[in-house]
Amino acid sequence: ARQSAPCVVFFDEVDAIAPRRGARFDSGVTERIVNQLLTEMDGIVALRKVVVMAATNRPDILDTALLRPGRFDRIVYVPPPDVKARLEILKVHTRSMPLAEDVDLQKIAEKTEYYTGADLEALCREAAMTALREDFKPKKVSMKHFEEALKLVPPGLTPEDVKAYEEISKTFKKILG
């Protein structure tokens, strides 16, 4: 990043490389990785031409040293998609799918509270697989297939998860000021 400035460095699932130190029995490997990451981030900040961003589904296990000033200065909580967003996500994942006339994506969006984008993608894939298993010939995916898929693909979140993430977001914002 130093040699490519200006640039953006994005860590997806940062919790995998920067979990709270001392929380695992890993003979010090995780601690060395986290220490190196923190050292590198401190060096990047001095350049002021490198933006470091990260995403996580597990903010509760992040090493709190990541939140010190100059490392990650802002926390953006992204809530689960609302009905409108779920409808748009469903449209994306069914765009190339042959849908029967009875498929009502709005109804599916309404039935999928607490589903993440990945859950909705899995739901669409399962509906297509259900249609294929019914008859190996290419056919249209119907509402019946989505109803079956809903039984097999549960939401990835619970109301308790959402509440916990909201609380973690508030806590992190207090830490960052």
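FYI, it's all coordinate maths here, none of it is from the lab. Since we're looking at a predicted model, the values are computed, not measured. Positions of Cβ are generated from backbone atoms using ideal geometry, with glycine treated the same way; all protein chains shown enter the neighbour counts.
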Is it possible to state the helix-based mean residue ellipticity at 222 nm for the chain, with each DSSP H run of 4+ residues giving -39500 (n - 2.57), the sum divided by total residues, to the nearest 500 deg cm²/dmol? What is it?
-15000 deg cm²/dmol
Top positive-direction residue, dipole computed over segment 83-152 with Cβ charges, set ALA128, GLY117, ALA85:
ALA128
From Cα pairs below 8 angstrom and at least 6 apart in sequence, can you work out the relative contact order of the chain, rounded to a whole percent?
21
Using modelled backbone amide H atoms (1.01 Å from N, in-plane), which distant-in-sequence or interchain residues come within less than 5 Å of PHE11's amide H?
MET53, ALA54, ALA55
Using only C-alpha atoms and all pairs of different ones, pull out the Kirkwood radius for the chain in Å with one decimal.
19.1
Point-charge dipole on Cβ atoms (K/R +1, D/E -1) for segment 83-152, about Cα centre, debye to 20
180
Which lysines have a Cα lying under 21 Å from the Cα of LYS163, excluding residues fewer than 8 positions away in the same chain?
LYS84, LYS111, LYS173, LYS174
Per-residue Cβ contact counts at 10 Å, fewest first, order ILE89, ILE75 as ILE75, ILE89
Taking every DSSP bridge whose two residues both lie in the chain, the antiparallel percent to the nearest 5 is 10
Suppose every K and R has +1 on its Cβ and every D and E has -1 on its Cβ; what is the size of the dipole of the chain about the Cα centre, in Debye to the nearest 20?
580
Within straight cross-link reach of LYS140, meaning Cα distance under 17 Å, which lysines are found once same-chain residues fewer than 8 apart are removed?
LYS91
Would you pull out the residues with amide H under 5 Å of LEU62's amide H, same chain only if 5 or more places away, H placed 1.01 Å from N?
ARG20
What are the ³J(HN,Hα) couplings of segment 90-104, residue after residue, when phi is run through the Karplus curve with 6.51, -1.76, 1.60 and θ = phi - 60°? Round to Hz, x for glycine and proline.
4, 4, 4, 7, 10, 3, 9, 9, x, 9, 6, 4, 7, 6, 10
At a threshold of 8 angstrom on Cα-Cα distance, excluding pairs fewer than six apart, so keeping six or more, what relative contact order does segment 83-152 reach in percent?
38
With each pseudo-label sitting 7 Å past Cα toward Cβ, what's the GLU13-LYS139 distance in nm, one decimal?
3.6
Using θ = phi - 60° and the Karplus form 6.51 cos²θ - 1.76 cosθ + 1.60, what ³J(HN,Hα) does each residue of segment 164-176 get, whole Hz, x for Gly and Pro?
4, 5, 5, 5, 4, 4, 4, 4, 4, 5, 5, 4, 7
Förster radius 25 Å - calculated FRET efficiency between ALA55 and LEU152, Cβ distance, rounded to 0.05
0.40
If Rh is defined by the Kirkwood formula over all Cα pairs and Rg also comes from Cα, what ratio Rg/Rh do you get for segment 83-152?
0.93
So the angle from the long Cα axis of helix 29-47 to the longest Cα principal axis of the chain, reported in degrees to the nearest 10, equals 80
